[in-house]
Amino acid sequence: MTEIPKDHPRYESLLAREKVAAGVKMGMTSIQGLISQGRGESFDYLIGERSTKSALYAERAAVAALLLAKNPVISVNGNAAALAPDKIVSLADVTGAKLEVNLFHRTETRVHLIIEQLKANGASEVLGKNPDASLELSHARRLVESRGIYSADVVLVPLEDGDRCEKLVEMGKTVIAIDLNPLSRTSKMSTISIVDNLTRALENMIKFGVELKKERNEELVKLITTYDNKKTLIEAISEIQEYLKAMAVELEQ
Ligand SMILES: Nc1ncnc2c1ncn2[C@@H]1O[C@H](COP(=O)(O)OP(=O)(O)OP(=O)(O)O)[C@@H](O)[C@H]1O
Ligand SMILES: CC(C)(COP(=O)(O)O)[C@@H](O)C(=O)O
Ligand code: BAL
């Protein structure tokens, strides 16, 4: 990995690029993950590389859903494993969610490396190595474990595919997506769409998880039952519009 000076103006995003590149070099992250990271970064510019109001609202609702779930599962792909394995494990600890590796560009080697990465960051058990159930999909994301994603009532899917997301919703699951693109199929199909950078979203969700655990269940139920994803996505898009307008004014000065 290239040493990124901490005083570099783009330190956070350069570090993220290094993590994804290192993930690819060690065989854990798919090479297509580089394309995905690049696309995500571009969207992050449009929200000013910060967690917007609508993102924070969606993150709180998402954590409430995970805390109230009977069988919550966090689905982990190669990008998430490279970018924030420690935060994924911490969120699982705070919410009691299981971890399951689920890949689009699946190889058994990559599944093994991601499991090892999560265990090296404190995970005790990680599912995904021995899929014994199948979603009605025509690609490798169909391979799931019956005691994990298949039977989950709430699934967190960072950096996801819209078709798997749609299938999970069709199965009656609450699907939480983290996707900087508010126009992706994933964002549109999810029950709760977090339009934020993966690392920031996980940091916020861990913090909210600790806070919300002290709340009574009625408070958590209220957060979910009053949540409207279409409204949140519309707010996310208008936050982008507002930010771009402010940047245009700034550039004129
Ligand atoms: N670090 C990140 N944080 C948040 N979102 C990210 C990050 N990196 C990539 N993304 C976004 O995650 C999505 C993952 O890419 P992917 O190709 O799976 O989705 P997609 O092609 O848009 O598919 P669909 O439209 O079916 O959701 C992209 O929209 C990308 O912008
Ligand atoms: C690259 C990735 C975002 C993840 O791929 P994997 O780690 O194989 O699930 C994939 O969904 C894609 O968009 O190509
Ligand atoms: N993530 C790869 C396939 C898709 O975007 O649906």
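No lab work stands behind these numbers, since they all come straight from the coordinates. All values derive from a computational prediction rather than experimental measurement. Methodologically, a virtual Cβ is constructed for each residue, glycine included, from the backbone with ideal geometry; neighbour enumeration extends over all protein chains shown.
Distances between placed amide hydrogens fall under 5 Å for Ile47 paired with no residue 5 or more residues away or on another chain. Which cross-chain or sequence-distant (5 or more) residues have an amide H under 5 Å from the amide H of Thr29, H modelled 1.01 Å from N in plane? Result for Thr29 returns Val24. For Arg147 and His8, the difference between the fully extended length at 0.36 nm per residue and the C-alpha to C-alpha distance is 45.6 nm. Sequence-ordered 3J(HN,Hα) estimates for segment 168-177 from the Karplus curve with 6.51, -1.76 and 1.60 and θ = phi - 60° stand at 5, 5, 4, 7, x, 8, 7, 10, 10, 10 Hz, glycine and proline given as x.
Taken about its Cα centre, the chain carries a charge dipole of about 420 debye when Lys and Arg each add +1 at the Cβ and Asp and Glu each add -1 at the Cβ. If the chain linking Thr109 and Val169 were pulled fully straight, counting 0.36 nm for each residue of separation and taking away their Cα-Cα distance, it would gain 18.7 nm.
Distances between placed amide hydrogens fall under 5 Å for Leu156 paired with Val73, Ile74, Ser75, Ile176, all partners being 5 or more residues away or on another chain. Which log10 I(q)/I(0) values does segment 1-136 give at q = 0.09, 0.12, 0.14 Å⁻¹ under the Debye formula, counting every alpha carbon as one identical point scatterer? Taking Cα atoms of segment 1-136 as identical point scatterers yields -0.30, -0.55, -0.74.
Would you please put 237-244, 94-101, 65-72 in order of how densely packed they are, using the mean number of other Cβ atoms within 10 angstrom per residue and starting with the highest?
Working: 237-244: 14.6, 94-101: 22.5, 65-72: 19.9.
Result, highest mean Cβ count within 10 Å first: 94-101, 65-72, 237-244.
Extending 7 Å from the Cα toward the beta-carbon at both Val249 and Lys53 defines two label points whose distance is 1.5 nm. Packing around the peptides 127-136, 28-37, taken as the average count of other Cβ atoms within 10 Å per residue, puts them in this order, highest first: 28-37, 127-136. The length gained by stretching the chain between Ile234 and Asn217 to full extension, at 0.36 nm per residue less their Cα-Cα distance, is 3.3 nm.
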